[in-house]
Amino acid sequence: MLLAIDSSAGTAAAVVDGARGILAERAVADTLRHAEVVGELITAVLREAGVGVADLDAVAIGVGPGPFTGLRVGMAAGRAFALAAARPALGVVSHDAVAAAAYEADPSGELLVVTDARRRELYWSRYRGLDAAGLPIRDEGPALARPADVPARERRIDATAVPAGMLGLVAERVLAAGRAPAPVVPLYLRSPDVTLSAPKRVS
């Protein structure tokens, strides 16, 4: 059983079980209030699922791609929760959760997942279906590009949210297949907005 957290778009949390599916899921679309809502969402899904910290086996964390400010909130919350609960943290590429949800609804054809990267740019990943373990097959990406440079595909999802429940199920399927989860390393795909200023010369 996993707690899943993602803040690469809005903020989302879920409790999932490999056998029973999504037990509880909550999300807030606001992309400016990650820090204010992430704790509330975690508390709410644990309560709704009737699950205590001791019942969890791991914490699945969406690693993006996502903007620096928002993505780091969910990742920090997930790492802190995993550390406090003495449970492993498992990285999941956030686009993989969007693709998995799309393929469960319609398993056919290539798929392009696109999310807002701000600064008039987009994050994108290209998929070609699900493998035998029910995991999306990512052929390209995640990558960052201007809208005109994003590859054209007949089937495209411009996602404004990442489903935490499916993100958790992707992590469960990775473990069930005996594969290594993604590193818990943020996929910013660009430098942060804040940079260190050059040191002043002392005369």
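General observations
- Scanning region 23-73 for residues that are over 11 Å from Ala4 (Cα atoms) and of a type in the set (Lys, Arg) turns up Arg33, Arg47, Arg72.
- Figure legend. Inter-residue proximity from region 102-115: first residues surrounded by fewer than 19 Cβ atoms within 10 Å (Cβ to Cβ), second residues modelled with pLDDT of 95 or more and part of a loop (DSSP other than H, G, I, E, B), beta-carbon distance below 6 Å, spacing 6+ or different chains. Indicated pairs: Gly109/Arg155.
- Residue in region 115-131 that is at pLDDT below 95 and among the hydrophobic types (A, V, I, L, M, F, W, C) present: no
- Only residues that are over 20 Å from Val37 (Cα atoms) and hydroxyl-bearing (Ser, Thr, Tyr) were counted in region 55-105, giving 1.
- Residues of region 27-65 satisfying the condition of being among the aliphatic types (A, V, I, L, M), touching a helix residue (DSSP H, G or I) at 6+ places or on another chain (Cβ under 7 Å) and either over 17 Å from Ala80 (Cβ atoms) or modelled with pLDDT under 95 (or both): Ala27, Val28, Ala35
Conditions tested, residue by residue: (1) touching a helix residue (DSSP H, G or I) at 6+ places or on another chain (Cβ under 6 Å); (2) among the aliphatic types (A, V, I, L, M); (3) within 27 Å of Leu56 (Cβ to Cβ).
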{"residue": "Arg87", "(1), (2), (3)": "no, no, yes"}
{"residue": "Ala99", "(1), (2), (3)": "no, yes, yes"}
{"residue": "Pro107", "(1), (2), (3)": "no, no, no"}
{"residue": "Gly129", "(1), (2), (3)": "no, no, no"}
{"residue": "Pro147", "(1), (2), (3)": "no, no, no"}
{"residue": "Arg153", "(1), (2), (3)": "no, no, no"}
{"residue": "Arg179", "(1), (2), (3)": "no, no, yes"}
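- Considering Gly141, Gly168, the condition of being within 18 Å of the chain's Cα centre (by Cα), within 20 Å of Gly78 (Cβ to Cβ) and surrounded by 18 or more Cβ atoms within 10 Å (Cβ to Cβ) is satisfied by Gly168 alone.
- Here is the figure for region 144-165: residues that are in contact (Cβ under 8 Å) with a residue 60 or more places away in the chain and surrounded by fewer than 17 Cβ atoms within 10 Å (Cβ to Cβ) total 1.
- The strands (runs of 3 or more DSSP E) found wholly in region 1-68 and carrying at least 3 residues that are more than 12 Å from the chain's Cα centre (by Cα) occupy 11-17, 21-28.
- Screening Leu83 with (1) out of contact with any Pro (no Cβ under 8 Å at 6 or more places or on another chain); (2) among the hydrophobic types (A, V, I, L, M, F, W, C); (3) touching a residue at least 12 places away in the same chain (Cβ under 8 Å) gives one miss only, at (3).
The values are calculated or read from the model by the stated rules, or taken from the named source; none is laboratory data. Nothing here was measured: the structure is a model prediction, and the numbers come from that model. Don't worry about glycine lacking a Cβ; one is built from the backbone with ideal geometry, like all the others, and counts go over all protein chains shown.
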